[in-house]
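Below is one structure; the comments refer to it alone.
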Amino acid sequence: MAPTPTTKTTPRRLLHIFSTFRVGGPQVRFALLANSLGVRYKHYIIAMDGSDDTLKHLGASVDAKMIEGSHTDLPLHQRLMAYRRELRTLHPDQMITYNWGAIEWALANLQQICPHVHIEDGFGPEESHRQITRRVWIRRLALSRRSLVVVPSRTLLTIASNTWKLPRERLLYLPNGVNCQRFSAKPDSHFIELLGLPKDRALIGTVTALRPEKNLSRLIHAFARARQVQLCHLVIVGDGGERAKLEDLTKQLELQQEITFAGHVADPERVLGALDIYALSSDTEQMPYGVLEAMASGLPIAGVDVGDVKSMVGDENKVFITTKDVNRLAQALKTLVADSALRQSIGRANQLKARKNFDESQMITAYDRLFQAGDPTNHAQESHAPPLKV
């Protein structure tokens, strides 16, 4: 039986450790949770790189404070000592670390200064194909005692159990969620006109950070091959360090008129509803928000088989989740571009699955219970079955 959340007259103090507080999947999820849970919590946030971009996504009712705590100029043993002092000074009800970039704080907390939750969302390009042995051993050391490890994908659950050798009773599978109602809204027609997107052909799109592990060059090459057979247009929503390289590739392929770089869009639903197909070309993902948002928008997905993507989409869509091969991805795009009835059928199935399994209300409830738990490892043991069925 799940524990009943405790009622406290003062908000619980949560210390969140991020490698960066620039906008990304974990940061967006944090903002969503903080905005939804409001005055129940007081949030202290440390970004190892000193960034604070996600603060602007927090509502006025959120009690959140950025604090200095990286000490990156110190040797490792001195950094750990500094982190221990910080933990004893702040004395949070829980510390929540996010991904590999915050693992040193988990090492600093080996003496259990405070209850610890580690949320692992996935890997950077350096671990997109295989786990780095040194990191495996450090994760095993840092997370195997009293930490609770939360993962949003079954793929990560297997890695944490079989590769990192973490105790199964300290692992919690908790899928990401999105606001399905928000993403079922009609697109912003004025914004679509400003982008200059054509109305006489199928629109393929993706919403992602332009980083190496997203491998958008794979998508551009696949689009180029699909376009030789079917008239279509590609829109890439997002920004990042790879943009100039990708724009150069677009020029080399003479596709400047066929590919739109929309840049960062704070509200992706303004664009998603106008698309006909959502594309994913990453080398590594676990449970990408872009796919969830596209499913909630009623879109079919043409993508590569990474993380949990194939299990996330509806049954009709699974055949269009391919290996990391340009030709196979291009074929998936060709088939979907050519058949509007098939696109609509798959899109409806994806939207129904998103509403049933991935609505944010379920995720918010699960995290609220987790943050309220006095000992999160006990919470995990009592919640041994996944809180959401996929």
Across segment 110-163, what is the number of residues that are surrounded by fewer than 14 Cβ atoms within 10 Å (Cβ to Cβ) and on the phi > 0 side of the Ramachandran plot?
1
Any chance segment 278-289 includes a residue that's within 18 Å of Cys180 (Cα to Cα), surrounded by fewer than 21 Cβ atoms within 10 Å (Cβ to Cβ), at pLDDT below 95 and aliphatic (A, V, I, L, M)?
no
Checking Leu194 against (1) crowded, with 16+ Cβ neighbours inside 10 Å; (2) part of a helix (DSSP H, G or I), which test does it fail?
(1)
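Right, Leu107: surrounded by fewer than 22 Cβ atoms within 10 Å (Cβ to Cβ) and either of a type in the set (Phe, Trp, Tyr) or at negative phi (or both) or not? Working first, answer last.
Numbers: surrounded by fewer than 22 Cβ atoms within 10 Å (Cβ to Cβ): yes; either of a type in the set (Phe, Trp, Tyr) or at negative phi (or both): yes.
The answer is yes for Leu107.
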What's the number of the only condition in (1) outside any helix (DSSP H, G or I); (2) surrounded by 18 or more Cβ atoms within 10 Å (Cβ to Cβ) that Phe223 fails to meet?
(1)
Kindly provide the set of residues from segment 61-79 that are at pLDDT 90 or above and buried (at least 18 other Cβ atoms within 10 Å of the Cβ), ordered by number.
Val62, Ala64, Arg79
Only one of (1) part of a helix (DSSP H, G or I); (2) of a type in the set (Ser, Thr, Tyr); (3) under 22 Å from the mean Cα position of the chain (by Cα) does not apply to Thr97, and that is (1)
Of the numbered conditions (1) of a type outside the set (Ser, Thr, Tyr); (2) within 30 Å of Thr284 (Cβ to Cβ); (3) in contact (Cβ under 8 Å) with a residue 60 or more places away in the chain, Lys56 fails exactly one; give the number of that condition.
(3)
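Yes or no: Ala266 outside any helix (DSSP H, G or I) and without any contact (Cβ under 8 Å) to a residue 12 or more places away in the chain?
Details: outside any helix (DSSP H, G or I): yes; without any contact (Cβ under 8 Å) to a residue 12 or more places away in the chain: yes.
The answer is yes for Ala266.
Could you please find all residues in segment 171-191 being at pLDDT below 90 and not small (Gly, Ala, Ser)? Don't jump to the end; show me each part of the working.
Within segment 171-191, the subset at pLDDT below 90 is 185-191.
Once the filter is applied, which keeps residues that are at pLDDT below 90 and not small (Gly, Ala, Ser), segment 171-191 yields Lys186, Pro187, Asp188, His190, Phe191.
Pick out the one residue from Arg29, Arg22, Arg79, Arg88 that is basic (Lys, Arg) and in a loop (DSSP other than H, G, I, E, B). Spell out how you get there, then give the answer.
Numbers: Arg29 fails: in a loop (DSSP other than H, G, I, E, B); Arg79 fails: in a loop (DSSP other than H, G, I, E, B); Arg88 fails: in a loop (DSSP other than H, G, I, E, B).
So the residue among Arg29, Arg22, Arg79, Arg88 that is basic (Lys, Arg) and in a loop (DSSP other than H, G, I, E, B) is Arg22.
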Could you go through segment 179-188 and let me know if any residue there is touching a strand residue (DSSP E or B) at 6+ places or on another chain (Cβ under 9 Å) and exposed (fewer than 14 other Cβ atoms within 10 Å of the Cβ).
yes
Taking the criterion of being over 22 Å from Pro268 (Cα atoms) and either surrounded by 20 or more Cβ atoms within 10 Å (Cβ to Cβ) or not aliphatic (A, V, I, L, M) (or both), would at least one residue in segment 53-60 satisfy it?
no
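Taking segment 228-245 as the search range and keeping residues that are buried (at least 19 other Cβ atoms within 10 Å of the Cβ) and at pLDDT 95 or above, which one is farthest from the chain's Cα centre (by Cα)? If you could, list the steps in order and put the result at the bottom.
Initial filter on segment 228-245 (buried (at least 19 other Cβ atoms within 10 Å of the Cβ)): 232-238, 242.
With at pLDDT 95 or above added as a condition, the list becomes 232-237, 242.
Numbers: Cys232: 28, His233: 26, Leu234: 22, Val235: 20, Ile236: 18, Val237: 16, Glu242: 19 Å.
That would be Cys232.
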The residue that is surrounded by the fewest Cβ atoms within 10 Å (Cβ to Cβ), considering only those in segment 7-39 that are in contact with a Phe, Trp or Tyr (Cβ under 6 Å, 6 or more places away or on another chain) and farther than 29 Å from Gly124 by Cβ, is Pro11
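The values are calculated or read from the model by the stated rules, or taken from the named source; none is laboratory data. In this text the structure is predicted, and so the values were computed from the model without any measurement. For neighbour counting, all protein chains shown are included, and Cβ atoms are generated from backbone atoms with ideal geometry for every residue, glycine included.
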